[in-house]
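A short worksheet on the structure shown next.
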Amino acid sequence: ALRVVRCGGSARYGARAVFTADSKYLFCASGDFVKMYSLATEETLRVMGGHADLVTGLQLNPHNHMQLYSSSLDGSIKLWDFMDGIPIKTFTVGSKLLALYVVSSCEDSVFVIIPKSGGRDTFQLVQVKLTRAAGQDLEAKELSVVLDGVDASPKCTAFGREAEYVASVREVNLQVYFFKRKQLNRFSISAVRTKSRNNLFTCVACHPKEDCIATGHADGRIRLWRNFCHKKEYTYSTLHWHHDAVLDLAFSVEGMSLLSGGLESVLVLWHNESDCRKDFLPRLGSAIEHISVSSDGALCCTLHSDNRITIVNSNLRFSKSIQGLIKSTVVKTGLVVDPRTKALVLNGEPGHLQFYCLQSDQQLFSLDIVQRQYIHQAGLNQTDLVKVAFSAQGKWLATVEEREEATDPELQLKLWFFDEETQSFKLNTSIAMPHEDSITGVCFRDTDELDDDSLILVTAGRDRVFKVWVMEEDTDPEARQKVSWSCDFVGSYHNYQATNCCFSEDGSLLAVSFEETVTVWDSVTWDLKCTFCHPPGKIRNICFGRLTCAKFLIGTTDYGFLCCWNLLSCALEWSAHLNVLVLQPDPLSEYIAAVSWLSQESSLFVFKPNEPRPTCIQRNLCKEKIHLAAFVPRDKPEAVGSEKYLWLRRSQLFFLTEGQELMTLSTKPLDERLTPSSKQLAVEESLPVTPFSLLLGKHRHQQSQEDVELGMLIVPNEHEQSSPVVKELLHTPAHVLPSASFLCPIFINSLLISKQNQRAEEVADVVEMESEKSEDDSDEERDTAEMEQDTSPVELWGGATCKLSKSQERELRKIRKTDYSWVSAF
Amino acid sequence: MATYKPVPVPAVPKLGERVTQDTLYWRGYKTPVQIKEFGAVNKIDFSPVPPYNYAVTASSRIHIYGRYSQEPIKTFSRFKDAAYCATYRDDGNLLVAGSEEGTIRLFDVGGKAPLRQFDGHTKAVHVVGFLSDKYRLFSGGDDYSSNLWDIPSATEIVSYSEHTDYVRCGCASKVNADVFITGSYDHTVKLFDARTKSSVMTIEHGQPVESVLLFPSGGLLVSAGGRYVKVWDVLKGGQLLVSLKNHHKTVTCLCLNSSGQRLLSGSLDRHVKIYSTTSYKVVHSFNYATSILSLALSPEDETIVVGMTNGVLNIKHRKPEERKDESGKKRQPAYRMYVKGRTYMPKQEDFRVSKPVKQVLRKYDKLLKSFQSSKALDAVLEPHIRLYTPEVTVAVMQELHRRGTLRSALAGRDEKQINLLLQFVARRVIEPRFTSILVTIADMITDIYQPVVGQSAIVDRQFLKLQEAIGKEIDYQEELLEVLGMMDTLFATFTKKTATSLEENENNGLTETIITNTN
């Protein structure tokens, strides 16, 4: 069956990014997924899926930096082993989780923001106790409210140094709760509202070493609060640079500097919390939504509103950026396929055209079309790209840019030539004001047979004309460029606005729609050949049939009709009542895809023009409106089993939802997008290679092989590296080391202690369970069942053990839990 | 991360002639020297040997001018009536001239009295020349005959009476010593071979032929008559190659430049046109004060001499080549800079680190980068930008408008600055490429400074000037629209009744665009 596959540009980031402890990888919440990026290669290493709704919080486990907590709107907290990409545990809380905070001092609980039951738009910060029980899916129902009336945004709550207090802002109020004293201090600032701005709180950050809280405001101010343990004698100082709302704040690791970002897309570094010394990293592309700092302080990461991740060095130098499908405010250009690279082309960052590679989910390059400085300021009317067209071989690119203004729009038509030498598009001709009013359609005569000299471009405008542009060769041998474009013909029809234009496959006919009428023109003499209309309703889309169906012209009206006209008989062949939003012909076959919007869902109809019955109907494509779609030719035809899906053989259909998510249709079951090579992560930390470590490595290798042979559980060896004793042992030069007899007990002890630390908790759990067992008999069965589950590895060794008495069993389990893994290391 | 993008200054396509290599070359002449002769200058001929003196035939005299002399260095004035067509021989030693009384005189350039006199024509001889063997002359007269003369014996070799009207021009082949051509008012050009008794070829030009020219190869022939210049292929039996109609009065003289790549034609319409001999397109043209009768170009195109009907001789000398001496101005880097790293030999595996390219920003760009709108506007209102590159000023104004800070940049200015601003607006608002933004600015200025109108006489005067400029422009536009309307009716009568709606559309579309452009 046909499946809708999401393939890029998914929803915006819901939470701050998180660096791993070694600053090699980065986690981002991306829609329902947690994505793991390598900071060295900028590649997406892993996509961890499992949440059913938007991921809202990410935190590393402070007790094991190889584990990651994530929270989601579906009401669950997941603990991940990110090196293997598997969920270790899932805690179900129940209500929506809007933010997640993990502090190192509370070992078995996390803090989340949930909506207050009963209240609308009121939220509370609660402490969730994560049960230590074994098993994958657990319930976490032990909630204790910490703060009431907090903001839903995760940026509006922050934990202070060593989790002594928590600060939360909402509207004009700041509340600080001290855990030890159980004291709640509230501060409020007087609200100032002008026409465009107010001084509401937008975000908060706490100093990691001192008692200091930084808050960001909607009017661009940053306030630094001190002495807030007193209700009256608190002080604050103000930093002001941003002219628009401060969207996020972050302190450096030592707290010496403060990073702030906002709509201006400038990252500001404030030194020593003073107004006078600040550094800037300007022009980051789009508004900064989240800022996070790595634990070693070397890197900082900003998440932007256009789905881009920027990595910045500690000295505020741009390091790299990770970008997939850039989200632009409005995709006006439509989805266009570059014939040369087969990349998807659409609006990128403002004024740019992005070339997005579908295979690698990466941006190939971004072509600056407008070539003007973009001012990141709300409410400014700036030039943006509205139309794009490629010639058949991708040699020419036509772009239309427009700046909407009340009186007269500023328009520019640019023609770009692909320069083989530099492998990029070069501006050839720039035409100011090609039409009096906005341009509604641009198309090239895309004929492969004709040489490029006879290339024709047609633009249709709201100024009631369509214009034909041709290439002119400059006869002057000294001219700077050989060819340029100029207007050849201006056509109109009864003073109606031209809305669409399109060439037939062989380039002999041009169809231009004028409001309710489709006109067909001879592309050589520019004679009006015939007209079609299907009143009432204006024409929304038109396209010609291809290959065997070249004699048909398809049109859709905004009155909800899909019509097919025969060009030979000049009559209506068939029509169907369908509210079609997108009409997209496949360039390699006769099939035409139409996406309709019916009763709150988008449906796909694929048909051949010569028969009124659709070949394929896919209802409920998605819940959002789809305005853009494109057929992308496949590199090699895919084998399609069913007759019904024959249209997917030569090209693939991509479509973009209103939320700018790129989707496609696939007949195959979901295969991993990631190549196997990228899955192999370098788990080892970069240890200097010493003979001893080589020896150790060899042993470990042998041991793991033995383990596999025995079918035993592989004992995780991470503790070997994490243990400071081992590190010391490996790093100290051999000639200064004391004798081996002195080192041996320390080494062995270090292994034992670290292991016991972890195991001690579990043992404690068991003890607790047993005490519960004695109290509550009803629980006993469940517990024993769990215990039996727990003992299942033991069963592998011998069936006899399960027949043992309970006390014996407990003893055995204790023995098993004693760690003997160090023996195998030798 | 992107760098700051400077404000784009829109390049407006230059109207009028495009500057090509040819225009640059032909513009490279100094201001002309004018010498008054006694009558219409009917012939100018350059000596083929250095120092390239030239003989000017006007009225009854032949003046010889040196290269830079304003006064004739020699004069032949032994003519009772008008002299015609003084022509040098290939070696530059002899000069021959026809005359109104019908005699042809041969002069030694060094001497004064004629060496030989050839009598035989019964009427005025307007054309005379040497054949390329140097020992014979050809001539054409108003008695319709073309004659061939022997110089040593001063006798007539042969006389052809094939033309049926005055013979007014002629030319000898440089390749074949026996071949010459004459053009006549009977609309024909005839090619004669001295070895035959009659003309070898007759070419019908269509108008009275005023001038003929043979290309150095001898294969192509150029004839001028009426408004036409025609090029004929002699080797193909006189086939018309191209007909040029670029003058609107009779073309009187023709000339080739020294390389043979360009053809010059002078006409009574006061123009000299220069054609490329490969494409036969006009590549350049000169304007003169009165109708042109004769034209000559010195070897290496050093001098262009043009003779007019009113007896003025116009001489243009080529400017000396400009030498670029910039080496002296730049301060040389220290010696140490040169020797540094000289001895280092790059190895194969060396990694070359290129210097980061520093972006150089103009002053207004620097100010715009730091969002200082008012100062940026001040920067582009400085005299050298405002006067010489108004497009930069307007581009920055446009950018400020785009950023929404134009109003605040315009506000808060003193009398002097407003005066300056208004002066600029009043002067440039009528230029179509600036109109849209300058109208907005004028609007804003009147808006902002409305309360203080009347306080300063200077500013008030500028406001009045602005009003006047706009009023004039409106009148002008109205007139233009009237003209357009008239033209439309004319076009409508010209187009055939069968014209489809299509052509009308085209017309409408074109006029519409013109109207909006001029608005």
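No lab work stands behind these numbers, since they all come straight from the coordinates. Since the model is a prediction, treat every value here as computed from it, not as a measurement. Reconstructed Cβ throughout: ideal geometry from the backbone, glycine too, with neighbour counts over all protein chains shown.
Between A:Thr525 and A:Asp53, the simple spin-label model (points 7 angstrom out along Cα→Cβ) gives 6.6 nm.
To test your reading of the geometry: what angle, between 0 and 90 degrees and rounded to tens, separates the Cα axis of helix B:457-494 from the longest principal axis of chain B? The angle comes out near 50 degrees. Residue order for A:Glu472, A:Glu410, A:Glu349, fewest other beta carbons within 10 angstrom first, comes to A:Glu472, A:Glu410, A:Glu349. How would region A:312-383 be classified by its alpha-carbon gyration tensor: rounded, prolate or oblate, with rounded meaning a/c under 1.5 and the a/b versus b/c comparison settling the rest? Oblate, since a/c reaches 1.5 and b/c is not below a/b. This ranking places B:Tyr288, B:Tyr335, B:Tyr280 by how few other beta-carbon atoms lie within 10 Å of each, fewest first, which gives B:Tyr335, B:Tyr280, B:Tyr288. Taking a 21 Å limit on the Cα-Cα distance, which of the listed pairs A:Lys395/A:Lys482; A:Lys116/A:Lys155; A:Lys116/A:Lys232 fall beyond it? Check vs 21 Å cut-off fails for A:Lys116/A:Lys232. Computed from the C-beta positions of B:Val353 and A:Arg181, the FRET efficiency with R₀ = 60 Å rounds to 0.55. Partners of B:Lys316 within straight-line reach, counting lysines whose Cα lies under 18 Å from its Cα and excluding those fewer than 8 residues away in the same chain: B:Lys30, B:Lys36, B:Lys43, B:Lys273.
Per-residue Karplus couplings for region B:444-455, computed as 6.51 cos²θ - 1.76 cosθ + 1.60 with θ equal to phi - 60°, are listed in order as 5, 4, 4, 5, 5, 9, 3, x, 9, 5, x, 8 Hz, Gly and Pro entered as x. Neighbour counts of C-beta atoms inside 10 Å place B:Met486, B:Met345, B:Met201 in the sequence B:Met345, B:Met486, B:Met201, starting with the fewest. Over all pairs of different C-alpha atoms in region B:363-473, the reciprocal of the mean inverse distance, the Kirkwood hydrodynamic radius, equals 14.0 Å.
The C-alpha atoms of chain B occupy a region whose extents along the principal axes are 96, 83, 53 Å, arranged from largest to smallest. What is the angle, in °, between the Cα long axis of helix B:501-518 and the longest principal axis of the Cα atoms in chain B? Nearest 10 is fine, range 0 to 90. Taking the Cα atoms of chain B, the angle to B:501-518 is about 70 degrees.
Sequence-ordered 3J(HN,Hα) estimates for region B:126-139 from the Karplus curve with 6.51, -1.76 and 1.60 and θ = phi - 60° stand at 9, 9, 8, x, 8, 7, 6, 7, 6, 9, 10, 10, 10, 8 Hz, glycine and proline given as x. Checked against a 28 Å cut-off, the cross-linked pairs A:Lys78/A:Lys231; A:Lys129/A:Lys817; B:Lys416/B:Lys472 give Cα-Cα distances beyond that limit for A:Lys78/A:Lys231. Taking other residues whose beta carbon is less than 11 angstrom from the beta carbon of B:Tyr29, and scoring Lys, Arg as +1 and Asp, Glu as -1, yields +3. The label point for A:Thr329 and the one for A:His230, both projected 7 Å from the Cα toward the Cβ, are 4.8 nm apart. Summing Lys and Arg as +1 and Asp and Glu as -1 over all other residues whose Cβ lies under 9 Å from the Cβ of B:Ile104 gives a net charge of +1. Phi-derived couplings, Karplus 6.51 cos²θ - 1.76 cosθ + 1.60 at θ = phi - 60°, listed residue by residue for region A:72-83: 9, 5, 6, x, 10, 10, 10, 10, 10, 9, 6, 5 Hz, with x used for Gly and Pro. The share of alpha-carbon pairs in the protein assembly as shown lying farther apart than 43 Å comes to 65%. Mind running the shape call on region A:10-323? Use the C-alpha gyration tensor, a ≥ b ≥ c as the square roots of the eigenvalues: rounded below 1.5 for a/c, prolate if a/b tops b/c, oblate otherwise. Here region A:10-323 falls in the oblate category.
Note on A:Ser188 and A:Glu421: their simple-model spin labels are 6.9 nm apart, each label 7 Å out from Cα toward Cβ.
Of the residues B:Thr87, A:Ala629, A:Leu385, the one whose Cα sits farthest towards the positive end of the charge dipole of the protein assembly as shown is B:Thr87 (charges of +1 on Lys and Arg Cβ, -1 on Asp and Glu Cβ, taken about the Cα centre). Here is the size of region B:180-239 from its Cα atoms: Rg then Dmax, 10.7, 34 Å.
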